[in-house]
Structure formats: structure tokens, C-alpha cells
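The values are calculated or read from the model by the stated rules, or taken from the named source; none is laboratory data. Fair warning: this is a prediction, and the values are worked out from it, not measured in the lab. Heads up, the Cβs are rebuilt from the backbone with ideal geometry, glycines too, and the neighbour counts pull from every protein chain shown.
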Amino acid sequence: MTGWSTEEGRAGARPIVLGPGEGRPIPGREEVVLKATGAETGGAAAVLEATTAPGGGPDPHVHHDNDELFYVLEGRMRFRVGEREVEVGAGAFVFVPRGTVHAARNVGAGPVRLLAAFVPAGPERDMEAFAAAAPAERDRLARRSGSEFVAPPTTPLGKE
């Protein structure tokens, strides 16, 4: 299937249909492919597919302006959402309300593949710059998109 979108819809939103492997790749530590951006959804949501190597995943952070949703397609992931930790596999869904500190770690032997979404859209705008930035610059870019990294947890994810 070849991806397509049209200029139809309300407030800048347009239909999007993408086949497997289609979307805009974002280089970085993880394989990330943007499936839909705020520019395409009228700001309603941004969706990405990520592939994370064993031991990989985002450090503790918080989105002040966006909810974040995850759907695990393959592998095992440990999520910290607020004070709670849970290990999940394929088919699991995790919802992180805005303002909630969260992190994730691939705790399996193989890659994890998942879908993630920001509602409303926003953080995806700086993903390319973020992936290429030095650590000090990442903090500034995160704040620009309404997010911030927080101190690491006392017990690292997956090390209990």
C-alpha cells in the first residue's frame, strides 16, 4: 500500500493512510517513524511507531501540555507511570495523562515495537532536532515543546 493524504477535512486535518514501513523516519537512538503529525491532523494528535533495542527507552520525563498513549506491538516493555511500574507485552495499552512523570525501558531480549501518540499534537515538531542534539540542547528543546526531563528514579527501570 502506498501512503496518501489529501487536503480534505476541518481545521487542517486530512485523511492519512500509510502502509507498513511508511511514514517519515526520524534518525536517533531509537528507530522512529512519524505516521501522523499535528500539521496533518489539524493539531488533534501525532502518532509515531518506535523500535527500541533491549535496554533502551526514554528517560523519566513529563509532558505538561499533552497526554501520551502507547500500544505495544511486539516485545516486552516496563513502564513507570507516576509512582506505578508495570511490565507489559504485545497488545498492551498504556495511557499517560499530561503532567505525569513517566519512563519506559525495553526489558526483553529482542526489540520492542510500539505505537505512541501525543494528544494534542506538539512534541513531534522537535523530534528531528532533538534526536541530533547534544544532551544539554535536548533539555531546551524538550521545554520548548512543553516537556521536561526529571531526575532519574532511585531504582532504574528493569533493574529490580
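Descriptive notes on the structure:
- Being in contact (Cβ under 8 Å) with a residue 60 or more places away in the chain and on the phi > 0 side of the Ramachandran plot is a condition met by no residue of the range 84-96.
- Test: residue in the range 31-42 that is among the acidic types (Asp, Glu), in contact (Cβ under 8 Å) with a residue 60 or more places away in the chain and within 30 Å of Gly12 (Cβ to Cβ): no
- Long-range neighbours under 6 Å by Cβ, at least six apart or interchain, first residue over 18 Å from Ala121 (Cα atoms) within the range 11-30, second surrounded by 14 or more Cβ atoms within 10 Å (Cβ to Cβ) and of a type in the set (A, V, I, L, M): Pro27/Ala131; Gly28/Ala131; Glu30/Ala50
- When Val96 is tested against (1) out of contact with any His (no Cβ under 6 Å at 6 or more places or on another chain); (2) buried (at least 18 other Cβ atoms within 10 Å of the Cβ); (3) modelled with pLDDT of 95 or more, exactly one condition is not met: (1).
- Subset of the range 66-83 [in contact with a helix residue (DSSP H, G or I) (Cβ under 9 Å, 6 or more places away or on another chain) and in contact (Cβ under 8 Å) with a residue 60 or more places away in the chain]: Asn66
- Here the strands (runs of 3 or more DSSP E) wholly within the range 11-76 that include at least 2 residues being of a type in the set (D, E, K, R) are 31-36, 67-74.
- Out of Ala121, Ala109, Ala142, Ala136, one residue alone is crowded, with 17+ Cβ neighbours inside 10 Å and either in a loop (DSSP other than H, G, I, E, B) or free of Cβ contacts under 8 Å to residues at least 12 places away in the same chain (or both). It is Ala121.
- Criterion violated by Ala53 - all others in (1) touching a Lys or Arg at 6+ places or on another chain (Cβ under 9 Å); (2) free of Cβ contacts under 8 Å to residues at least 60 places away in the same chain; (3) closer than 17 Å to Arg113 by Cα; (4) crowded, with 16+ Cβ neighbours inside 10 Å satisfied: (4)
This table checks each residue for (1) of a type in the set (Gly, Ala, Ser); (2) at pLDDT 85 or above; (3) under 30 Å from Ala11 (Cβ atoms).
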{"position": "Gly91", "(1), (2), (3)": "yes, yes, no"}
{"position": "Leu115", "(1), (2), (3)": "no, yes, yes"}
{"position": "Leu141", "(1), (2), (3)": "no, no, yes"}
{"position": "Thr154", "(1), (2), (3)": "no, no, no"}
